[in-house]
Amino acid sequence: MLKEIHQRQSIRKYQKKEIEPKKLQEVLKAAMNAPTARNAQSWRFMVITNREALNSMSNLQPYTNMMKTAPCAIMVLGDRNASQPDEYLYCDCSAAIENMCIEAVNQGLGTCWCAIGPSPERIQNFKEYYHIEEHLLPIAVVAIGYPDETKPLADRFDEKKISYFR
Ligand SMILES: Cc1cc2nc3c(=O)[nH]c(=O)nc-3n(C[C@H](O)[C@H](O)[C@H](O)COP(=O)(O)O)c2cc1C
C-alpha cells in the first residue's frame, strides 16, 4: 500500500502556518487527476483562506470546528451543467477529495473531509454565504494545513468485509 494512504487521517488541529502555494497547487492537481463519470470533470474548487469565513464555518455545518485553526479549506463543488444526475457529482467529487487528502500527506499536510451535501440545509447555508451559482452543488469542504496533533495510525483491514464470487 502507498504509505500516504496508510498515513492519511483526519486532522482537526492545525499549526498557525500558511501553506506554500506550490503545495496547494500539487494538492489541486491531484484532485483533478481523479476519474470522473464520462470524463465530465464535473468538480469545481473554491480555496478559502478568509479567516472570518473559516472561523464561522461551524455556523453553516456544525462539525467543522477544526476550521478555526486551519489556514485553508477547499470547498469541492459539483457542476450540474457538466454532469447529471447528482449521484455522479458525489462520486466525481469524492474521488477528487480522496486524491487531495492523499497528496496532502505527501506534501506534509493534514486534511479533514467535511460533508456539506446531501443535507439540503447545509447546501443552502454554503450557497448563501459564499454566493454560489445555482448550477453548482457544494458537496464537501476539506480543511487543510500543517497538523498540530498526532494520533496512532488506524489499521482497519477486515477480512470479514470481503466476499468472493469465484
Ligand atoms: C463523507 C464524509 C463526511 C465527513 N464529514 C465530517 C465532518 O463533517 N466533520 C469531521 O470532523 N469529519 C468528517 N469526516 C471525517 C470522518 O469522521 C473520518 O474520516 C472517520 O472518522 C475516519 O477517521 P480518519 O479519517 O482519521 O481515518 C467525514 C468523512 C467523510 C468521508
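The values are calculated or read from the model by the stated rules, or taken from the named source; none is laboratory data. Source: prediction; values computed, not measured. FYI the Cβ positions are ideal-geometry reconstructions off the backbone, even for glycines, and counts take in every protein chain you see.
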Review point. So A70 fits all but one of (1) closer than 25 Å to P21 by Cβ; (2) without any contact (Cβ under 8 Å) to a residue 40 or more places away in the chain; (3) of a type outside the set (D, E); (4) within 14 Å of the ligand (Cβ to nearest atom); what number is the exception?
Key: (2)
Revision key, fill the gap. Those residues of region 3-17 which are part of a loop (DSSP other than H, G, I, E, B) and either free of Cβ contacts under 8 Å to residues at least 40 places away in the same chain or within 15 Å of the ligand (Cβ to nearest atom) (or both) amount to R8, Q9, I11, R12, K13
Review point. Within region 36-55, restricting attention to residues that are part of a loop (DSSP other than H, G, I, E, B) and in contact with a Cys (Cβ under 9 Å, 6 or more places away or on another chain), which residue is surrounded by the fewest Cβ atoms within 10 Å (Cβ to Cβ)?
Key: T49
Revision key, fill the gap. Of the candidates E26, E20, the one satisfying the condition of being without any contact (Cβ under 8 Å) to a residue 12 or more places away in the chain, farther than 20 Å from L136 by Cβ and over 13 Å from the mean Cα position of the chain (by Cα) is E20
Study note, to complete from the structure: When region 140-161 is checked residue by residue, the ones that are farther than 17 Å from C101 by Cβ and among the aliphatic types (A, V, I, L, M) are none
Exercise for review: Identify the residue in region 128-147 that is of a type outside the set (S, T, Y) and away from the ligand (no atom under 15 Å from the Cβ) and, among all such residues, is surrounded by the fewest Cβ atoms within 10 Å (Cβ to Cβ).
Suggested key: H131
Review point. Taking region 113-127 on its own, how many of its residues are within 11 Å of the ligand (Cβ to nearest atom) and surrounded by fewer than 10 Cβ atoms within 10 Å (Cβ to Cβ)?
Key: 0
Practice item. Name the one entry in D79, D92, D86 that is free of Cβ contacts under 8 Å to residues at least 60 places away in the same chain, farther than 19 Å from G110 by Cα, away from the ligand (no atom under 16 Å from the Cβ) and surrounded by 14 or more Cβ atoms within 10 Å (Cβ to Cβ). Key: D79
Practice item. Output the number of the condition that L153 fails; it satisfies all remaining conditions of (1) among the aliphatic types (A, V, I, L, M); (2) within 11 Å of the ligand (Cβ to nearest atom); (3) surrounded by 10 or more Cβ atoms within 10 Å (Cβ to Cβ); (4) not in a strand (DSSP E or B). Key: (3)
**Study point:** Which listed residue, of R12, R38, is more than 15 Å from the chain's Cα centre (by Cα) and charged (D, E, K, R)
**Key:** R38
Practice item. Scan (1) touching a helix residue (DSSP H, G or I) at 6+ places or on another chain (Cβ under 7 Å); (2) more than 9 Å from the ligand (Cβ to nearest atom) for the single condition N65 breaks and write down its number. Key: (2)
Point to revise | Residue count, region 6-46 (criterion: in contact with a Gly (Cβ under 6 Å, 6 or more places away or on another chain) and among the aromatic types (F, W, Y)) | key: 1
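Residue-wise test of (1) under 16 Å from the mean Cα position of the chain (by Cα); (2) closer than 25 Å to V27 by Cβ; (3) at pLDDT below 95.
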position	(1), (2), (3)
I123	yes, yes, no
I139	yes, yes, no
E149	no, yes, no
I162	no, no, no
F165	no, no, no
